[in-house]
Amino acid sequence: MKAVGITRTGGPEVLGLLDLPEPSTVGSDADGLVIEVAAAAVNPVDLATRSGLIPTALPAVLGWDLAGTVVHAPQGSGFGTGDRVMAMTAQLGTGVGSMAEFVRFDAAHVARVPDALSLTAAAALPLAGVTAVQALRRTPARSGRRVLLVGAQGSVGAQLALRLLDEPDTRTDLLVRPGDGEVWRELRAARPGGGAVLTDTVRVEGKAYDIVVDTAGAPDLIEAVCPGGVFLSLTPFSAPDPARRPDVEFTLVGVQLNGDDLAEVADRAARDVGLRPRTTVLPFADAAEAHRRLEAGGFRGKFVLVP
């Protein structure tokens, strides 16, 4: 089978198509769910892995997100042949990359794709959606809480923003890039929660927020948290020094594989078109082009690769 992978780290040019055996379904491998991949999304973590910023064993198949069709379902897995599914593989921990024609994976970390979602749309959801769900769970439930979300224009930030804006008892201010301000003002107006859309950090009030959620790497905004508040960072390479604000609870959020959270992401996206990222579809053979364009910056939405 064909898979998008690397045998060495470096720029986008190191990406290539690897020729690998299809996953086995016999012996000790028979318990795994085998999925024929219809689409696999490109995420920033893939760029970091390819460049060597995040070490991984080589050769490696890249990719965390996928959607496809079950071609082998062990008894008791809860799935059947032909089921439309989506999964997040957590490639760095599992060693299983999603950018392959077939993937064998633990059924506990797979969710069904509702009929209202295409497999292409579903492939763009897992990592960003599950990260958003788990980050939101870490935000303290306070009546009338005021939240600053940094980086709503990103894939994780957008998922978080739309969930926060659905909470009528939460005032959520969004900090976005200047070119994204008008889009987010329109999205905010269509949701029940209140708050402002900011495009410049100088407009951010100091010590004004119960919770600041940073998805973009803005550690200085820990100064926007009120005493006793919470700063959640989703960017481990640009997190603040907790000693800078000992009166603030600092939490670094890391995503965990969870089939129930994945199912929640799928079900909510099926009901809410706004939660489905805009996708640009390219073939596996053009993976390097997707990496180059994403690395260049300014791209909105998700690149989705198809076999």
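The values are calculated or read from the model by the stated rules, or taken from the named source; none is laboratory data. These numbers come from a predicted model, not from an experiment. Please note: Cβ atoms are built from the backbone with ideal geometry, for glycine as well, and neighbour counts cover all protein chains shown.
Listed values, structure above:
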{"item": "Restricting segment 267-297 to residues that are in contact with a helix residue (DSSP H, G or I) (Cβ under 7 Å, 6 or more places away or on another chain) and among the charged types (D, E, K, R), the residue that is modelled with the highest pLDDT", "result": "Arg292"}
{"item": "Elements of type strands (runs of 3 or more DSSP E) in segment 77-184, at least 1 residues being in contact with a helix residue (DSSP H, G or I) (Cβ under 6 Å, 6 or more places away or on another chain)", "result": "84-88, 110-112, 146-150, 171-175"}
{"item": "Candidate set from segment 123-167 (those that are of a type in the set (Ser, Thr, Tyr) and modelled with pLDDT of 85 or more); member that is farthest from the chain's Cα centre (by Cα)", "result": "Thr139"}
{"item": "Top-ranked residue in segment 68-83 [being more than 26 Å from Ala57 (Cβ to Cβ) and crowded, with 20+ Cβ neighbours inside 10 Å; ranked as modelled with the highest pLDDT]", "result": "Val70"}
{"item": "Filter result for the condition that a residue is surrounded by 17 or more Cβ atoms within 10 Å (Cβ to Cβ) and under 22 Å from Pro140 (Cβ atoms), over Ala208, Ala239, Ala196", "result": "Ala239"}
{"item": "Meets criteria (farther than 25 Å from Leu92 by Cβ, touching a helix residue (DSSP H, G or I) at 6+ places or on another chain (Cβ under 6 Å) and not β-branched (Val, Ile, Thr)) for Arg300", "result": "no"}
{"item": "Residue within segment 19-35 that is of a type outside the set (Val, Ile, Thr), part of a strand (DSSP E or B), loosely packed, with under 15 Cβ neighbours inside 10 Å and modelled with pLDDT of 95 or more present", "result": "yes"}
{"item": "Val42 assigned by TED's automatic domain parsing to the domain that holds Leu262 and touching an Asp or Glu at 6+ places or on another chain (Cβ under 7 Å)", "result": "no"}
{"item": "Any hit, segment 256-268, residues being outside any helix (DSSP H, G or I) and over 22 Å from the mean Cα position of the chain (by Cα)", "result": "no"}
{"item": "Selected residue (criterion: nearest to Arg171 (Cα to Cα)) from residues of segment 186-245 that are among the hydroxyl-bearing types (Ser, Thr, Tyr) and modelled with pLDDT under 90", "result": "Thr201"}
{"item": "Residue that is more than 24 Å from the chain's Cα centre (by Cα) and under 20 Å from Thr120 (Cα atoms), where the choices are Thr89, Thr81", "result": "Thr81"}
{"item": "Candidates Glu22, Glu36, filtered to the one that is of a type outside the set (A, V, I, L, M), under 22 Å from Leu127 (Cβ atoms) and in contact (Cβ under 8 Å) with a residue 40 or more places away in the chain", "result": "Glu36"}
{"item": "Selection within segment 269-304 - over 27 Å from Gly217 (Cα atoms) and in contact (Cβ under 8 Å) with a residue 60 or more places away in the chain", "result": "Ala270, Arg271, Asp272, Val281, Phe284, Ala285"}
